[in-house]
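These notes concern the structure reproduced below.
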Amino acid sequence: MGLVDTVLPALAQVGLLVALLALAHRPFGAYMAAVYTTTRRGRVESAWYRATGVDPDVDQRWSSYLVSLLGFSCVSVLGLYALGRLQGALPLSLGLPGADPAGAWNFAVSFTTNTNWQWYSGESTAGHLLQMAGFTVQNFVSAAVGLAVAVALVRGFARSRGDGRIGNFWVDLTRGVTRILLPISFLAALVLMAGGVIQTFDPHTATTTLTGGTQHLLGGPVASQEAIKELGTNGGGFFNANSSHPFENPNAVTNLLEIFLLLLIPSALPRTFGLMVDDRRQGWAILGVMGGLWAALVLATTWAELAGAGSAPQAAGAAMEGKEVRFGLATSALFAASTTATSTGAVNSMHDSFTGAGGGTVLFAMLLGEVVPGGVGAGLYGMLMLAVVAVFLAGLMVGRTPEYLGKKIGQREITLVALYVLVTPSLVLVGTALSVVLAPGLDGIQEPGPHGLSEVMYAFASAANNNGSAFAGLSTGTPYYNILLGLAMLLGRFVPIALVLALAGRLAAQPSLPASAGTLPTHRPTFVALLGSTVLVVAGLTFIPALSLGPIAEALS
Amino acid sequence: MPSTTTTARGAVAFARHTLSGLQMLIAFTVVLGLLYPVAVTAVGQLAMPWQANGSLVRADGSRAEGREDGEVVGSLLMAQGFEGPEWFHPRPSAADYDTLASGGSNLGPESPELVAAIEERRASVAADNGVPVSAVPADAVTASSSGLDPHISPAYARLQVERVASARGLPVEQVEALVREHSAARALGVLGDPRVHVLSLNLELDALG
């Protein structure tokens, strides 16, 4: 690979992206903090609560907050399931039939949990109504749910009254959608459209090509969905090829905008956190860990794809299988590392065809627990849970009761965090193990050997971490995978959320302690290094045995 | 064990929250699922109908605002499967250039099937263009991610110039100039890869007769 014609542009585009995110960081982080702390309500917002039968003045305990969240998510799953099953009888279906029960269950859970795992091809399964009224709506609200949980946890740390109240779910949900996600999506949709992303209610109709062949002209409200798909770190493509489809991502500029959108909220939330706990240095420390590990993942993936090791890339001369020419190797790698590190799961290239090292790196990005910087909201609450682990470890070393942001981390608190850390690895490893011993699981594997194990493990890592990207060689549209991956997504989303809210409630019930001489400073480089190591050690110890049998074996063979 | 009254109270609370959830979901579906996409569509159809309708073109290369136009031969964003010596060929497509089946091969880096496909494509591209197999670039022998990649690398375009020129009886320099015209550098100097647009190049060749 040439230095000037490949490596320099590869690094420069990362620099350009980071510069754009840095510009947005402070004002946007402050804006989000204001959205979730202001008590002022406009007339429209008040009318919205009246119309939906919600009392916005109730400050909920964690259990009530959780019940609201689960009640909302429950009707979301049921509503999307019904839309999917009944598609054939509804307007704008493009003549497509309803989905089978296992398939509808899978996408209903998938979109409600912000995973957007897709067993189906959008263009041949979902009509315009299901895409808009089903998928687009869940893209917004599932992201707002993630934001709400993160904000509730931050309130647990920030509030010193000790009354155990963590906010109002309905207000947080409404504000996340209407003040953050909707305005930005609308603007981004216009820019994407100007770049060539389609936005029409036309059906897919046949036309005659230049050489007399037949090709279908595609229609669909794509730009409106594409914008929130990236901004909400959802990732469910309108079309099967997702963000590598020219109608979802027509050129390198729309591609940069899409990467920017998927990193925008997760990278600005540490600022929001710092402002809400009234100590901006705490936000910088969290951002430092997120940014450092994200940069390492981007560089590793880029290096692997540019180097192009492996039989097929060597035979072709470069790892261009499953990549688009308008993006090339480096821009595909930047997207891949960012989409897996943010729990988005959109793809602008096929991860299954990446080099062993590149595919292994993006798999590892998900196994880190989606915290660098992670999905909308989920990244921040995941990282704060790991920060509690880091504080606890440091406390053990010096023999003092650990505390974080003025709140004591006692036995109950650390139990909740430990359970949180165990949920997704259990789902990933149990799901993978079942699928490589049961016949219906083995049937889906496209390639034998280590790559087959990587395919299955990638699927469960993607589902349990609510990512949604795939090593798409695995045939997962079967009832076995639809039901099992649906369960992994459901448990991988709501069990951790319940534990986070329970912790938020316990923290909010404690009065804040003033920092003393024995308090571990959590804004210094030492803590940044400790937290970074905690992230790596927790994921590493859990997954390295399984990774050695999959991508590591493949990269070494 | 929670007492029955606690359980009952919990069930009532859940039902009440779920009812609020249902009302809010319906309201969100109206705003986000109908009003928002309709508003974006309205702006698109009024302000940038060509882009919003899929960058459609006629046989003479001119833009068609919508498919009702009648003379539409395709979208500038979608690859078409050109075959024969008189056309520039696109990249291999795992979807066979079918826009209703977008996607890649998803074959892994050690897949024997993929290695065999690459070798076969390499031999066939080399034979078609009368060049040694070592001259065939990577994008000519690999399937794209979407199966609808409208571009090829400048190297793959250069490889095809002589074949196309001789099949059409055009001077090589003229075809080379057309390739340059339909080439693009990296966006902003750093984003993506340099590329040549196959359909617009072939449209212009076709117009020459």
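The values are calculated or read from the model by the stated rules, or taken from the named source; none is laboratory data. Remember, it's a predicted structure, so these values are computed and weren't measured experimentally. Because the Cβ atoms are built from the backbone with ideal geometry, glycine has one as well, and the counts that use them run over all protein chains shown. Heavy atoms of the whole protein, side chains included, go into the accessibility calculation; ligands, DNA and RNA do not. Shrake-Rupley method; radii C 1.70, N 1.55, O 1.52, S 1.80 Å.
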Does the range B:61-76 include one or more residues that are more than 22 Å from A:Asn240 (Cβ to Cβ) and part of a helix (DSSP H, G or I)?
yes
Would a scan of the range A:409-426 turn up a residue that is modelled with pLDDT under 95, open to solvent by 20 Å² or more (accessible area, probe 1.4 Å), farther than 28 Å from A:Ser311 by Cβ and not in a helix (DSSP H, G or I)?
yes
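If I ask for residues that are of a type in the set (Gly, Ala, Ser) and surrounded by fewer than 24 Cβ atoms within 10 Å (Cβ to Cβ), which ones from the range A:452-469 would you list? I'd like the intermediate steps shown before the answer.
Of all residues in the range A:452-469, those of a type in the set (Gly, Ala, Ser) come to A:452, A:454, A:459, A:461-464, A:468-469.
Passing the criteria: only A:Gly452.
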Tally, over the range A:186-235, of residues that are among the small types (Gly, Ala, Ser), in contact (Cβ under 8 Å) with a residue 60 or more places away in the chain and farther than 17 Å from B:Pro49 by Cβ
3
Residue in the range A:85-143 that is farthest from B:Ile26 (Cα to Cα), counting only those that are within 14 Å of chain B (Cβ to nearest Cβ) and among the β-branched types (Val, Ile, Thr):
A:Thr125
Of all the residues that make up the range A:306-359, how many are touching a residue at least 40 places away in the same chain (Cβ under 8 Å) and either among the aromatic types (Phe, Trp, Tyr) or surrounded by fewer than 24 Cβ atoms within 10 Å (Cβ to Cβ) (or both)?
8
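What about A:Ser533, is it at pLDDT 90 or above, closer than 21 Å to A:Gly360 by Cα, open to solvent by 50 Å² or more (accessible area, probe 1.4 Å) and of a type in the set (S, T, N, Q)?
Yes; evaluated as a whole, the condition is true for this residue.
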Candidate set from the range B:50-63 (those that are more than 10 Å from chain A (Cβ to nearest Cβ) and within 26 Å of A:Leu190 (Cβ to Cβ)); member that is surrounded by the fewest Cβ atoms within 10 Å (Cβ to Cβ)
B:Ser62
Taking the range A:463-498, which residues are farther than 20 Å from A:Asn234 by Cβ, at pLDDT 90 or above and among the polar types (S, T, N, Q)?
A:Thr478
Cβ pairs under 9 Å, 6+ apart, first in the range A:511-533 and more than 20 Å from A:Ala295 (Cβ to Cβ) and without any contact (Cβ under 8 Å) to a residue 12 or more places away in the chain, second open to solvent by 80 Å² or more (accessible area, probe 1.4 Å) and assigned to a loop (DSSP other than H, G, I, E, B)
A:Pro521/A:Ala515
Can you tell me which residue is nearest to A:Ser353 (Cα to Cα) among those in the range A:477-508 that are among the β-branched types (Val, Ile, Thr) and surrounded by fewer than 23 Cβ atoms within 10 Å (Cβ to Cβ)?
A:Thr478
Checking B:Arg121, B:Arg67 in turn, the sole residue that is open to solvent by 30 Å² or more (accessible area, probe 1.4 Å), in contact with a strand residue (DSSP E or B) (Cβ under 6 Å, 6 or more places away or on another chain), touching a residue at least 12 places away in the same chain (Cβ under 8 Å) and not aromatic (Phe, Trp, Tyr) turns out to be B:Arg67
Taking B:Ser93 as the residue in question, decide whether it is within 29 Å of the chain's Cα centre (by Cα) and either within 9 Å of another protein chain (Cβ to nearest Cβ) or free of Cβ contacts under 8 Å to residues at least 24 places away in the same chain (or both).
no
Of all residues in the range A:438-451 being surrounded by fewer than 21 Cβ atoms within 10 Å (Cβ to Cβ) and under 17 Å from A:Leu556 (Cα atoms), which is nearest to the other protein chains (Cβ to nearest Cβ)?
A:Gly449
The residue from B:Ala127, B:Ala167, B:Ala155, B:Ala140 that alone is open to solvent by 20 Å² or more (accessible area, probe 1.4 Å) and within 12 Å of chain A (Cβ to nearest Cβ) is B:Ala155
Scan (1) farther than 30 Å from A:Val154 by Cα; (2) facing chain B (nearest Cβ under 10 Å) for the single condition A:Gln225 breaks and write down its number.
(1)
